[in-house]
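In what follows, a single structure is set out as structure tokens and then discussed.
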Amino acid sequence: MKRLIRSTLLMAKMVTAPPPRTADEWARENRIMPSTSPIPGPFDPDTNPYMRPVAWAFAQPCYNRVTFVMGTQMGKSVTMENIAGHRLDEDPTPIMYVTPTRPLIVSTVEPKFMDMFRECGSLLAKYDWRRSSITTKWIGGIKFRFAWAGSATELAADSAGLVLVDEVDRIVNTSEGDTTEVIEARGDAYVDSKIGYTATPTHGKVEKRRDDRTGLEHWQTAKAAALGSAVWRLWQSGTRHEWAVPCPECLEYFVPWSGLLWWPGQGTEKECTPDEAARTARLCCPNHGCMIEDKWRPWMNRRGVPVAPGQSVTPAQRMGDQVHAGEVVGTADTEGSTHYSIWVSGLCSFAAKKTYGFLAKKLLAAQISGDPGKLLAVHNTGFGEVYSETGDVPSWEEIKMLQWPYALGELVLEPIKIYGTVDVQKNRLVYVTRAWFLGMGSALLEHGELWGPTDQDEVWDQLGELLGTEYGGRGIDLLGIDIGYRDDQVYQFINAHKSQAIALRGRDKLDKPFKLERVEQDRKGKTRKRGDARWAFDSPLAKRWVHSRIVRAQQTDAGRRPGWWLLPIGVNDDYCKQLVGEEWVESEGRFKQVGENHYLDCEAMQYVLALRDKLHRKRKGALTRDELARKVDPKATPPEEVAPDPEPSPPASAPDNEPTPPQAPAKKARFKVKRRRR
């Protein structure tokens, strides 16, 4: 009878007990953010409402994995701290926090967690100062440990009921295989274990597509080969929620992303400058074209909701002076998944600095520069989106169709530099000469092969003659030679042509685009008398830049951007085929050779020489391709342009008139040149 009464009371308690608190609710009552944080004082989850679904998912028994993806300065780290503090305080379990490297733990992560332990009275009372160290903390007899992914021993040392993995895309695999699989095995000993992943995404190619059932645009699931970002692969394997917000004018919901950011003259010749974009940028509602000012960002976030493919959101409801959030309706296509995943655009960031204008300025400046590295950084850190630096490289036939109306060896304008680059083979030297102009514009002058055994002097004498070539009275300023083969002959040539030639060496991976290396020994281990030097460079980075220029030349707005990359009439088939002799494999983060690639190597070295001489900083007075066409031939009909999509009308608070585009320089007729040998 007593057992029956106890079980009845227990069941009544379970029915009447309030639902478990989330990490956000715990943090509101317990956390005081330090003075060094962006928003010091009592923790307020209303600051970044898009993190509430993340905290909620960690509290749900139906999810054993949670992945959240977004840009920088959006609250990812503090949410991880709240989740760990909540579990240690109210539902104790061993926790492992994984970062890419140990120095990151020592310098950044561990001090932040110690601030949280000191700020929260209940955690501080449980903290065991005697047993704790930098990498291991003991709170109420429960172990909280930091581990770094580069060490297989660290990852395999303990089991944990909760594993939190920060910056997944910067984690490298260990000798034991896929690091994420090794990490997930740490929770196998716990029936109710959970693992959380977060990061700012990196490389990948994905598409947005409108769902005809709901009217919302969603990221489509991409093939694994198209994704180099580990956290994005994790995200698309889960429920694929996205943060949707209401338009303050029409009250209908949409998912913000970089493609909805607007500035005056976007994609046309009348496009404003990056500084003007910072003052006038708006977010365009895809439902009715409403132009939204940045001041509405907090208002939209407070009414935001997570929505998965297959679900829709009813419009926000206006009731008197109040506007209430819409309701998520419908069944998600990913219903039943035990992996909750959510993506939030950087356009929803709580950071006061990360305004629509700030992001527009960054994006427009990167587009104008054409630098794939800058575009990657802006899309990743600013918008929280994956980005492919190369895209689908066209066929060699399409490359040949990019020929511009000038002849081989002809200068379209007076260049600031002319470079030659050479790829050394056993029986020939493959070379490319290219003229470079302001704003990283360039035009191919010549390409070819010098045949002969490269361990003999004759072919190097031919290269000396090539170095003396003049194009319209301008000689080659610098010759870069690949040192990967026949290094003794290369250094002999360089020492005979000091200040005119340098050695280059491609690396599969480098911590910077290029750097100087001293070579004290030859291949046989003998000391070099002169202490020769070479310039090592990131070969994949340089080749991706070349491919990005090819893709960019095919875009409809190519004529309106500086940084053109021209091919002359008469470029041969072999040159075009070799430019696509390697394909970038996004999932592996490397190039795969599919044919001859010597001209691609030469063009990659051209980019390195331009970087070395800081040509990317010389932008003042740079011409677009359309301006170039009018400058070299004033009588020619300007190239036909694709009419841009009509721009939505800016709001009343925006300037009445678009900024006046800069005037093109005075027109100058193109001059033809003849090649001669010195």
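The values are calculated or read from the model by the stated rules, or taken from the named source; none is laboratory data. All of these numbers come straight from a predicted model, not from anything done at the bench. Quick reminder, even Gly has a Cβ in these numbers, built from the backbone with ideal geometry, and neighbours come from all protein chains shown. Keep in mind that these areas ignore ligands, DNA and RNA; they rest on the heavy atoms of the full protein, side chains included. Shrake-Rupley method; radii C 1.70, N 1.55, O 1.52, S 1.80 Å.
A few remarks follow.
- Each 10 Å bin from zero up to the one holding the largest Cα-Cα distance in the stretch 461-509 carries the following percent of pairs: 24, 52, 20, 4.
- Solvent-accessible surface of the stretch 464-615, taken per residue with a 1.4 Å probe and all protein chains present: 43 Å².
- Each Lys and Arg contributes +1 and each Asp and Glu -1, all at the Cβ; summed about the Cα centre of the stretch 529-595, the dipole is approximately 340 debye.
- With a 1.4 Å probe rolled over the protein heavy atoms of all chains, the accessible area of R297, R118 falls in the order R118, R297, largest first.
- Span from the the stretch 63-98 Cα centroid across to the the stretch 537-588 one, whole angstrom: 42
- Those trypsin sites (Lys or Arg not before Pro) in the stretch 212-265 that DSSP places in a loop and that have at most 12 other beta carbons within 10 Å: R213, K223
- Taking all protein chains together and a 1.4 Å probe, the residues I83, I416 rank I416, I83 from largest to smallest accessible area.
- Global form of the stretch 179-284, assessed from the alpha-carbon gyration tensor, a/c cut-off 1.5: prolate
- Ranked by the mean number of other Cβ atoms within 10 Å per residue, highest first, peptides 466-472, 345-351 order as 345-351, 466-472.
- Amide hydrogen proximity for T67: with H placed 1.01 Å from N in the peptide plane, the residues at 5 or more positions away or on another chain lying under 5 Å are Y197, Y340, S341, I342.
- Unit charges on C-beta of K, R, D, E only; dipole of the stretch 262-352, Debye: 260
- Cα gyration tensor category, rounded, prolate or oblate, for the stretch 394-448 with a/c compared to 1.5: oblate
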